[in-house]
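Q: Below is the structure I would like to discuss, written out as structure tokens.
The values are calculated or read from the model by the stated rules, or taken from the named source; none is laboratory data. What you see is a predicted model, and the numbers here were worked out from it, not measured in a lab. Cβ sites come from the backbone with ideal geometry, for glycine too, and all protein chains shown count toward neighbours. These accessible areas exclude ligands, DNA and RNA; they are computed on the full protein's heavy atoms, side chains included. Shrake-Rupley method; radii C 1.70, N 1.55, O 1.52, S 1.80 Å.
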Amino acid sequence: SHEQVKTLMYHVHVMQFRRIREILPELEDEELLRAIEEEAVLVQGCWVVKSELVWSGSAITARDFLLTMFRSSRLVKRKIFQDATSVAPDIAARLLGQLAILRPGEGWEWKVPTDQAFAMAHPDCVARQEVLWEERTARIMDSLTRSSATSVTSTSLAFPSGNPSAITGMPGSVHAVSMDLEPARAVPSAPLTPEVERCLTTFLLENFRLHGVCSFGYLERKLAERQREARMCCVDVWM
């Protein structure tokens, strides 16, 4: 039943579908999936209890943002998470501890193996979850930017002219990065993949929470620096 699924997810937080199936064998796959989708979201092919069922207040947004980070990578950095959300250190530690395992010198690794088999067996469910995550990510961005808007008197973002996805007036923190504007350049017309979109969302939120105002040239340089650091450390650029 739905109550059984809710109770299970509330206490375990993260599970693969086949493990849930073993615990609740009396339900048919479709019925079980409907119940799971009421209580959980899909991350790394695994089911994670919805943030609003286990946390309250600003911690809901912080946890959702953390889940978007884990959607992009199995390994995340605590500092990046805290800087982007301004969550208290003790809350950050509890959120990470519920979802991941600390790997000293590396970061926090998603605690359950990625379930590729589920994605292959249930493509319709995965597609539904992608749509829901797009909506959820938009709400996360809105919540995080609004929470820092009161500390800024005026903000702006310089993007190349002609970019249909250009953003202006995004709020941030009180510190501003110098507006070293550069001539407009051509923007690649190829559409972004969902994974790249999530990575860029994380990168942009991190920088706007830290600086408030960033020029396009500054963001380009910071992104290039992160790529160089990642190559030197042999880790993913978004970790």
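Q: In Å², and per residue, what accessible area does the stretch 70-135 have when probed at 1.4 Å with the other protein chains present?
A: Result: 52 Å² of accessible area for each residue.
Q: For an R0 of 25 angstrom, estimate the FRET efficiency from the Cβ-Cβ distance between Glu130 and Gln4 and round to the nearest 0.05.
A: Once the sixth-power term is evaluated, E becomes 0.40.
Q: Put +1 on the Cβ of every Lys and Arg and -1 on every Asp and Glu Cβ in the stretch 1-107; which of Met9, Gly105, Leu66 then has its Cα farthest towards the positive end of the dipole?
A: The residue sitting farthest along the positive end of the dipole is Gly105.
Q: FRET efficiency for Arg94 and Arg18, Cβ-Cβ distance as r, R0 = 35 Å, nearest 0.05?
A: 0.80
Q: Among 68-75, 12-19, what's the highest-first ranking by average C-beta atoms within 10 angstrom per residue?
A: Working: 68-75: 21.1, 12-19: 17.8.
By packing density, highest mean first, the sequence is 68-75, 12-19.
Q: If the cut-off is a Cα-Cα distance under 26 Å, which lysines reach Lys6, setting aside same-chain residues fewer than 8 apart in sequence?
A: Lys50, Lys111
Q: Within the stretch 119-139, name every residue whose backbone N is under 18 Å away from a label modeled 7 Å from Cα of Glu30 along the Cβ vector.
A: Residues passing the 18 Å test: 121-129.
Q: Hey, another quick one. Quick one: accessible surface of Glu39, probe radius 1.4 Å, all protein chains present, in square angstrom to the nearest 10.
A: Around 20 Å² of this residue is reachable by solvent.
Q: Show Ile60, Ile80, Ile36 ordered by accessible area, largest first, where the area counts protein heavy atoms only and the probe is 1.4 Å.
A: Ile60, Ile80, Ile36
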